[in-house]
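Report on one structure; see the data block that follows.
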Amino acid sequence: MEASHPVLIVENLSVSFETPDGIVHAVNDVSFVLHRGKTLGIVGESGSGKSVTASSLMRLNNSVTATTSGSVQVSGKDLMAASDDELRQIRGSEIAMVFQDPMSALNPYYTVGAQIAEAYEVHHPNASKSEVQMKVIDMMTKVGIPNPEQRSKDYPHQFSGGMRQRIVIAIALVNDPKILIADEPTTALDVTVQAQILDLMLSLQAENGMAILLITHDLGVIAEVARDVLVMYAGRVVEKADVEDLFEIPTHPYSWGLLGAVSSLDDSHRGQLKTIEGAPPSLLNLPTGCAFHPRCTYSSENNGQCETLVPSLMQKGPEHSSSACHLQSARVVQIGREVGK
Amino acid sequence: MSKPIALEVRNLVKYFPTGHKGFLGRPSQELKAVDGVSFVLSKGETLGIVGESGCGKSTLARLITRLLDPSSGQVILDSQDITHLRGRRLRDVRRQIQMIFQDPYSSLNPRHSVGQIISAPLEVQGIVSGDELMSRVREMMALVGLNPEHYNRYPHEFSGGQRQRIGIARSLILNPSVIIADEPVSALDVSIQAQILNLLEKLQQDLGLSFIFIAHDLSVVRHIADKVAVMYLGKIVEMGPSSAVYGRSLHPYTTALLSAVPVANPKKRGASGRIRLQGDVPSPVNPPSGCRFRTRCWKASELCASHEPPLIDMGEGHLVACHHPMEPSEGAGKPPVER
Ligand SMILES: Nc1ncnc2c1ncn2[C@@H]1O[C@H](COP(=O)(O)OP(=O)(O)O)[C@@H](O)[C@H]1O
Ligand SMILES: Nc1ncnc2c1ncn2[C@@H]1O[C@H](COP(=O)(O)OP(=O)(O)O)[C@@H](O)[C@H]1O
Ligand code: SF4
Ligand SMILES: [Mg+2]
Ligand SMILES: [Mg+2]
């Protein structure tokens, strides 16, 4: 048994937004724990609440329209109760974030060196000029940018997409945070560059032991890098599992649908892809009961519960996995094994 | 015995002028977006075109559909050279080759009803009108899995997957023989991707279409294509039956590309034999001499810098442009999923 070091504990997180059309229930009752040195993946289709969950962990959601409830503890500190000063302290040195579009995270008018330096100085106000400069070069080297001394004087547009994402990672990690939240960090990149960036994140993690929360819509990326996985649908966690269990014995009908819908490089999968009929629901007007029921093949097997009762997360199959579904365990395991093979 | 040819592309080239206009207003440099591409598309076949962003896939599509004029080369449709057609004869050709675009959001006019969008090509061609037009539209909507009663609705009332169905219906309304789909599922979620891929496959079989399917997602192309061409910096570096290219890739670039695709199986994680390309794709304004891939290739030799490798048939229609193709002993004999 390896000792576990929780660095982030999220309990019953819910986030809703007030909009002209009504209240959007973006995140509903999400709980998870992130451990030191480990990678937790969140997978789900667009609009399932992944990014809103991530932003809540830095308290980045718009405070005027957003209503947040639940608790978030970062290294033992209550994030929800933190003052603005404490928040500034937490951001960067405890938790840092990397987004899909590196260009939006960078200022086009400053050199990349200046931007790495600035992020460092926020948490090291007394650092000397030469110390800061050394840190900049050190970080650029770490994230694999050739000729760091010279390139630190270049502007963001002088870099390729992959190199820009490396710089964003350098900025995120300059204060040695315990937690890195990466929201679709490779979605905008080509596969060969994606592979480089994922390798980089994992090797930095091996070096400094940070915990990574990796958000993606790509099950392949999850399979390559995550240790534990949350599957989200319509703002809720519908399955929580070890990555190997998720692919071997998935325990939620939505996970079954997702796994069946992925094309693969392996030609044994040719022919009709399995599909999930219909489209995800509007978060303004969620279906009653299990939000997945209008698209679910198995909703007729549960005596009408699917339409009326929200299922809660329970162990249905493997020891460390749980899913929110009204199906009986035996049935779940039977179908899960078939899908997983 | 070979199948009848639907479309042939011969030595197609597109250079875009770029940089500041120099002396006498001539562009100082040229961006070599597509640089000598040739292939044959047989009737009823799906040719997949893969490669990383900027390698020239969309430009190639726009050259074939005559949305762009080539710098040189030929496009031959059903034995007719269509490269320089204009006016009415070009319009006739446009009936036969249709395109499906990536972004179902931006390629549909938000102020037009679905019925108007789908019927627009018919009206441009001026072939049918009134009741017949309406019945063709409804028929087409049903064919692509849309409710024909919704012809009066507007694009924003549809989900992303349904909007792509609208785009597909529009492309099919003129009974084309060739469809060019440029990243048709890239903007969609996986569960919706699968719906659209299944629809495209079914339509192709039912209507006997010839298909060019462009995507950066190698798994999606593996799923749908009979034959695949891999592009790098404006050139085809490898081409052949999908099973051959995916199973025994010969070009180092293809091999590296395949080995970078994340595999949805945690048990195959971090296996050995994975190739990681260093650096970025060079600029298409000044591509490397000789083989364009040589600056990132671990097998590059002096020959690669001095001589451009021609695209050669290595047997059974499996073509490669490389001085040092992969040997089976290098791991290329096994599909990358067995790494
Ligand atoms: N500021 C906001 N105001 C209103 N709705 C929002 C806001 N931010 C996100 N949402 C909505 O919350 C839902 C979840 O969004 P998001 O977390 O971005 O999904 P994902 O990252 O999984 O694609 C979406 O329906 C989105 O439209
Ligand atoms: N109209 C244009 N003018 C100048 N350059 C262009 C134009 N269209 C495309 N390009 C350039 O041509 C190259 C190939 O682009 P494109 O065909 O869109 O690639 P892909 O579709 O494979 O991503 C890129 O370098 C791109 O910037
Ligand atoms: S609770 Fe019912 S509707 Fe929801 S996933 Fe399970 S079987 Fe399907
Ligand atoms: Mg998101
Ligand atoms: Mg393109």
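Which one of these does A:Asn285 not meet: (1) over 29 Å from B:Asn198 (Cα atoms); (2) away from ligand 1 (no atom under 16 Å from the Cβ)?
(2)
Being outside any helix (DSSP H, G or I) and more than 22 Å from B:Val93 (Cα to Cα) is the filter here, so list the residues in segment B:155-176 that pass it.
B:Phe158, B:Ser159
B:Leu85 passes all but one of (1) more than 13 Å from ligand 2 (Cβ to nearest atom); (2) in contact with a helix residue (DSSP H, G or I) (Cβ under 8 Å, 6 or more places away or on another chain); (3) within 24 Å of B:Lys202 (Cα to Cα); which number fails?
(3)
Name the residue, out of A:Gly70, A:Gly41, A:Gly37, that is away from ligand 4 (no atom under 15 Å from the Cβ) and under 20 Å from A:Ile215 (Cα atoms).
A:Gly37
Do we have any residue at all in segment A:21-39 that's more than 14 Å from chain B (Cβ to nearest Cβ), more than 21 Å from A:Leu246 (Cβ to Cβ) and either aromatic (Phe, Trp, Tyr) or more than 15 Å from ligand 1 (Cβ to nearest atom) (or both)?
Within segment A:21-39 (the criterion being more than 14 Å from chain B (Cβ to nearest Cβ), more than 21 Å from A:Leu246 (Cβ to Cβ) and either aromatic (Phe, Trp, Tyr) or more than 15 Å from ligand 1 (Cβ to nearest atom) (or both)), the answer is yes, since at least one residue qualifies.
Hand me the list of helices (runs of 4 or more DSSP H) wholly inside segment A:89-156 holding 3 or more residues that are in the same structural domain as A:Ser56 (by TED's automatic domain parsing), at pLDDT 95 or above and of a type in the set (Ser, Thr, Tyr). Working first, answer last.
Numbers: elements: A:102-105, A:112-123, A:129-142, A:148-151.
Once the helices (runs of 4 or more DSSP H) in segment A:89-156 are filtered for at least 3 residues that are in the same structural domain as A:Ser56 (by TED's automatic domain parsing), at pLDDT 95 or above and of a type in the set (Ser, Thr, Tyr), nothing remains.
Considering only segment B:126-154, how many residues are assigned to a helix (DSSP H, G or I), under 23 Å from B:Leu188 (Cβ atoms) and either at pLDDT below 90 or open to solvent by 10 Å² or more (accessible area, probe 1.4 Å) (or both)?
Our first condition is that a residue be assigned to a helix (DSSP H, G or I); within segment B:126-154, this holds for B:130-143, B:148-152.
Remaining after also requiring under 23 Å from B:Leu188 (Cβ atoms): B:140-143, B:148, B:150-151.
Right, trim to either at pLDDT below 90 or open to solvent by 10 Å² or more (accessible area, probe 1.4 Å) (or both) and you get B:140, B:142-143, B:148, B:150-151.
Number of matching residues: 6.
Can you tell me which residue among B:Leu203, B:Leu172 is more than 14 Å from chain A (Cβ to nearest Cβ) and either touching an Asp or Glu at 6+ places or on another chain (Cβ under 8 Å) or not small (Gly, Ala, Ser) (or both)?
None of the other options fit; the residue is B:Leu172.
Please identify the pairs in which a residue from segment B:303-318 that is surrounded by 13 or more Cβ atoms within 10 Å (Cβ to Cβ) has its Cβ atom under 6 Å from the Cβ atom of a residue that is of a type in the set (A, V, I, L, M), counting only partners at least 6 apart or on another chain.
Final answer for the pair search is B:Pro309/B:Ala321; B:Leu311/B:Leu319; B:Leu311/B:Ala321; B:Met314/B:Val320; B:His318/B:Ala244.
Do you know which residues across segment B:234-273 are more than 11 Å from every other protein chain (Cβ to nearest Cβ) and closer than 17 Å to B:Ser53 by Cβ?
If the condition is that a residue be more than 11 Å from every other protein chain (Cβ to nearest Cβ) and closer than 17 Å to B:Ser53 by Cβ, then B:Gly234, B:Lys235, B:Ile236, B:Val237, B:Thr254 are the ones that fit.
Please list, ordered by first then second residue, the pairs with beta carbon atoms under 8 Å, 6 or more apart or interchain, first in segment A:307-319 and farther than 14 Å from A:Leu246 by Cβ, second away from ligand 2 (no atom under 16 Å from the Cβ) and open to solvent by 70 Å² or more (accessible area, probe 1.4 Å).
A:Glu307/A:Thr288; A:Thr308/A:Thr288; A:Pro311/A:Gln305
Looking only at segment A:2-12, decide whether some residue is within 13 Å of ligand 1 (Cβ to nearest atom) and either assigned by TED's automatic domain parsing to the domain that holds A:Gly220 or open to solvent by 20 Å² or more (accessible area, probe 1.4 Å) (or both).
No: zero hits.
Do you know which of the residues in segment B:221-233 that are within 12 Å of chain A (Cβ to nearest Cβ) and within 15 Å of ligand 2 (Cβ to nearest atom) is surrounded by the fewest Cβ atoms within 10 Å (Cβ to Cβ)?
B:Tyr232
Among the residues of segment A:93-131, what is the count of those that are more than 19 Å from A:Ser51 (Cβ to Cβ) and open to solvent by 50 Å² or more (accessible area, probe 1.4 Å)?
14
Kindly evaluate A:Gln165 against the criterion of being open to solvent by 10 Å² or more (accessible area, probe 1.4 Å) and more than 26 Å from A:Leu259 (Cβ to Cβ). Can you show your working first?
Working: open to solvent by 10 Å² or more (accessible area, probe 1.4 Å): no; more than 26 Å from A:Leu259 (Cβ to Cβ): yes.
So A:Gln165 fails the test.
Residues of segment B:201-237 being hydrophobic (A, V, I, L, M, F, W, C) and part of a helix (DSSP H, G or I), which ones?
B:Leu203, B:Leu207, B:Leu218, B:Val220, B:Val221, B:Ile224
State the number of residues belonging to segment A:53-81 that are open to solvent by less than 30 Å² (accessible area, probe 1.4 Å) and either at positive phi or hydrophobic (A, V, I, L, M, F, W, C) (or both).
Residues meeting the conditions: 7.
Anything in segment A:190-199 that is crowded, with 18+ Cβ neighbours inside 10 Å and either within 9 Å of chain B (Cβ to nearest Cβ) or in contact (Cβ under 8 Å) with a residue 40 or more places away in the chain (or both)? List them, or say none. If you could, list the steps in order and put the result at the bottom.
So in segment A:190-199, the residues crowded, with 18+ Cβ neighbours inside 10 Å come out as A:190-198.
The answer is A:Asp190, A:Val191, A:Thr192, A:Val193, A:Gln194, A:Ala195, A:Gln196, A:Leu198.
Of all helices (runs of 4 or more DSSP H) completely enclosed by segment B:14-125, which ones contain at least 3 residues that are closer than 30 Å to B:Leu146 by Cβ and within 16 Å of ligand 5 (Cβ to nearest atom)? I'd like the intermediate steps shown before the answer.
Working: elements: B:57-64, B:87-96, B:114-125.
Those helices (runs of 4 or more DSSP H) span B:57-64.
Right, A:Gly209: in contact (Cβ under 8 Å) with a residue 24 or more places away in the chain and within 14 Å of chain B (Cβ to nearest Cβ) or not?
Working: in contact (Cβ under 8 Å) with a residue 24 or more places away in the chain: yes; within 14 Å of chain B (Cβ to nearest Cβ): no.
Spelling it out, it is not the case that A:Gly209 is in contact (Cβ under 8 Å) with a residue 24 or more places away in the chain and within 14 Å of chain B (Cβ to nearest Cβ).
Only residues that are outside any helix (DSSP H, G or I) and touching a helix residue (DSSP H, G or I) at 6+ places or on another chain (Cβ under 8 Å): list them for segment A:172-183, please.
Within segment A:172-183, A:Val174, A:Asn175, A:Asp176, A:Pro177, A:Leu180, A:Ile181, A:Ala182, A:Asp183 qualify.
Any residue at all in segment A:267-289 that is touching a Phe, Trp or Tyr at 6+ places or on another chain (Cβ under 9 Å), in contact (Cβ under 8 Å) with a residue 24 or more places away in the chain and within 12 Å of chain B (Cβ to nearest Cβ)?
yes
All but one of (1) buried (at least 21 other Cβ atoms within 10 Å of the Cβ); (2) away from ligand 1 (no atom under 16 Å from the Cβ) hold for B:Ser191, so report the exception by its number.
Just one mismatch for B:Ser191, condition (2).
Just checking, does segment A:68-88 include any residue being closer than 29 Å to B:Val190 by Cα, assigned by TED's automatic domain parsing to the domain that holds A:Glu121 and at pLDDT 95 or above?
no
Would you check if A:Val221 is away from ligand 5 (no atom under 16 Å from the Cβ) and not assigned by TED's automatic domain parsing to the domain that holds A:Met163?
Taking the combined requirement at face value, the residue does not satisfy it.
Restrict the check to segment B:238-252 and report whether at least one residue is within 16 Å of ligand 5 (Cβ to nearest atom) and assigned to a loop (DSSP other than H, G, I, E, B).
Checking segment B:238-252: not a single residue is within 16 Å of ligand 5 (Cβ to nearest atom) and assigned to a loop (DSSP other than H, G, I, E, B).
The values are calculated or read from the model by the stated rules, or taken from the named source; none is laboratory data. Remember, it's a predicted structure, so these values are computed and weren't measured experimentally. Positions of Cβ are backbone-derived with ideal geometry, glycine not excepted, and every protein chain shown enters the neighbour counts. These area figures cover heavy atoms from the full protein model, side chains too; ligands, DNA and RNA do not enter into them. Shrake-Rupley method; radii C 1.70, N 1.55, O 1.52, S 1.80 Å.
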